[in-house]
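Visitor: Questions regarding the structure given below will be posed in turn.
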Amino acid sequence: APAAAPADHCPAVEGPGLVSGDGPGSLDTPAGAVLAFDHAYYVERSAAGAFEAVSPSSRMSEERLRTEGVDRLSQGTRHCVQIRELSPELLDVTLTETPPDAEPVTIRQRVRVAQAEDGSWGIVSITPAG
């Protein structure tokens with residue numbers, strides 16, 4: 001018999017000041033930019049796609065995203081992200097990475113975002129948090 005599909009490991013939730021899920025996001029909101037970045041990184045495995053969610057004012061580079069990030073991920077790694085808004089431009093992010101053959105790893109991050117002149121949001125920096 002075929003294996004049962006796994007239960008949804010990451011239900012999408014959107015409430016005041018709190019967003020979680022693993023969906024494609026959008027650059028329309030600060031949390032949406034984080035979702036878009038992580039979706040491109042984990043699901044599409046695309047540094048170029050992730051870099052689209054990075055603010056022009058950021059010092060991140062697409063090359064570093066690829067070599068230090070996407071290229072090192074185990075194929076099949078799933079992710080789930082929970083985003084709390086600390087201020088309009090500062091987010092508290094809990095990222096859970098689930099490699100195919102290992103226990104989930106939880107990563108706490110502070111993500112600073114900025115709004116561009118066209119109204120879109122992008123990530124300025126991602127730093128470890130407590």
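Visitor: Somewhere in the stretch 53-61, is a residue out of contact with any Pro (no Cβ under 8 Å at 6 or more places or on another chain), farther than 17 Å from Trp121 by Cβ, without any contact (Cβ under 8 Å) to a residue 60 or more places away in the chain and assigned to a helix (DSSP H, G or I)?
Guide: Within the stretch 53-61, none of the residues are out of contact with any Pro (no Cβ under 8 Å at 6 or more places or on another chain), farther than 17 Å from Trp121 by Cβ, without any contact (Cβ under 8 Å) to a residue 60 or more places away in the chain and assigned to a helix (DSSP H, G or I).
Visitor: Quick check: is even one residue across the stretch 84-93 closer than 24 Å to Gly130 by Cβ, at pLDDT 95 or above and outside any strand (DSSP E or B)?
Guide: Within the stretch 84-93, one or more residues are closer than 24 Å to Gly130 by Cβ, at pLDDT 95 or above and outside any strand (DSSP E or B).
Visitor: Hey, another quick one. Considering only residues that are touching a residue at least 40 places away in the same chain (Cβ under 8 Å) and either aromatic (Phe, Trp, Tyr) or in a helix (DSSP H, G or I) (or both), which ones fall in the stretch 8-38?
Guide: Correct list: Pro30, Ala31, Gly32, Ala33, Val34, Leu35, Phe37, Asp38.
Visitor: Also, I was wondering about something else. Are any residues in the stretch 75-94 surrounded by 14 or more Cβ atoms within 10 Å (Cβ to Cβ), out of contact with any Lys or Arg (no Cβ under 8 Å at 6 or more places or on another chain) and of a type in the set (S, T, N, Q), and if so, which ones?
Guide: Within the stretch 75-94, Thr77, Gln82 qualify.
Visitor: Since Phe37 meets every condition but one in (1) in contact with a Lys or Arg (Cβ under 9 Å, 6 or more places away or on another chain); (2) modelled with pLDDT of 95 or more, which condition does it not meet?
Guide: Condition not satisfied by Phe37: (1).
Visitor: Listed residues Ala114, Ala48, Ala102; which is surrounded by fewer than 21 Cβ atoms within 10 Å (Cβ to Cβ), in contact with an Asp or Glu (Cβ under 7 Å, 6 or more places away or on another chain) and outside any strand (DSSP E or B)?
Guide: Exactly one residue qualifies, and that residue is Ala48.
The values are calculated or read from the model by the stated rules, or taken from the named source; none is laboratory data. Since this is a predicted model, take the numbers as computed values, not measurements. So basically every Cβ, Gly included, is an ideal-geometry build from the backbone, and we count neighbours across all protein chains shown.
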